[in-house]
Amino acid sequence: MTDTTDTKNPTTPTEVVARLAKLFAEQGESEYLGEAVTQAEHMLQAAACAQRASASNALIAASLLHDVGHLFVGADTSEISGRDLMDAGTDNRHSHTGADWLAAAGFPERYLCTVEPGYFDQLSEASVYTLSVQGGPMSQEEAAEFAHGAYARDAVTLRRWDEAAKDPDADVPAFDHYRALLADLLIPLL
Ligand SMILES: [Fe+2]
């Protein structure tokens, strides 16, 4: 089947989703930060974890797209705004923006290392590296502040799926499985 959608300048949910599918297909094959899976496999596995856990559609989408910024490296980045991607991870029943969610999503690794004894020890080597780049474990004060944020729980949950989404032998649904779900989330935003 030939996809005639204009992925160069996406303006409809279908076109945005087609652009994402193209990114996954063309840019997703690079390795995921030294792990045994590709970028695309990693995000698809995270989404599958979310779906298995009966997460909301917004959280499934967020899991699917949580590292999509990595796919822009080497890609033509002019076609889709970061705002589109952030909003795809927004729960439309609430007034919080995708930016709020992403702000929280940057910190759960640092949070978990502070509040859960032993969490650090089970991180992969690459995760230990990103943790150090982010500034290491939070202080007790930072952790308390983080826990009160609107998206803290979702961000922490996704962080656990992220760590589980590095299995070179996992058999999970492909990107197409999520097309309708993503388009539904984008409809009120475009
Ligand atoms: Fe990730």
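Values quoted throughout were computed directly from the atomic coordinates according to the rules given, and no laboratory measurement underlies them. Only a predicted model underlies this, so the values are computations on that prediction, with no experimental measurement involved. Quick reminder, even Gly has a Cβ in these numbers, built from the backbone with ideal geometry, and neighbours come from all protein chains shown.
Multiply the residue gap between THR12 and VAL133 by 0.36 nm, knock off their C-alpha separation, and tell me the result in nm, one decimal place.
Length difference between fully extended and current span is 39.9 nm.
For LEU158, what charge total do you get from the other residues with a beta carbon under 11 Å from its beta carbon, if Lys and Arg give +1 and Asp and Glu give -1?
My count for the surroundings of LEU158 gives -2.
Among VAL16, VAL156, what is the fewest-to-most ranking by other Cβ atoms within 10 Å?
VAL156, VAL16
Which order results if ASP176, ASP171, ASP154 are arranged by neighbouring Cβ count within 10 Å, fewest first?
Least crowded to most crowded, the residues run ASP171, ASP176, ASP154.
With label points built 7 Å along Cα→Cβ from the Cα atoms of ASP169 and ASP121, find their separation and express it in nm.
Taking the simple label geometry, ASP169 and ASP121 are separated by 2.5 nm.
Using a Förster distance of 30 Å, how high is the FRET efficiency between GLU31 and ASP176, based on the Cβ-Cβ distance and rounded to 0.05?
Details: r = 23 Å, r/R0 = 0.76.
Calculated transfer efficiency: 0.85.
If Lys and Arg each add +1 and Asp and Glu each add -1, what is the summed charge of the other residues whose beta carbon sits under 11 Å from the beta carbon of THR114?
Computed value for this residue: -3.
Around ALA36, what is the net charge, scoring Lys/Arg as +1 and Asp/Glu as -1 over all other residues with Cβ under 11 Å from its Cβ?
That works out to -4.
Along the Cα→Cβ direction, 7 angstrom out, place labels at GLU145 and ASP184. What is the inter-label distance in nm?
About 3.7 nm separates the two model spin labels.
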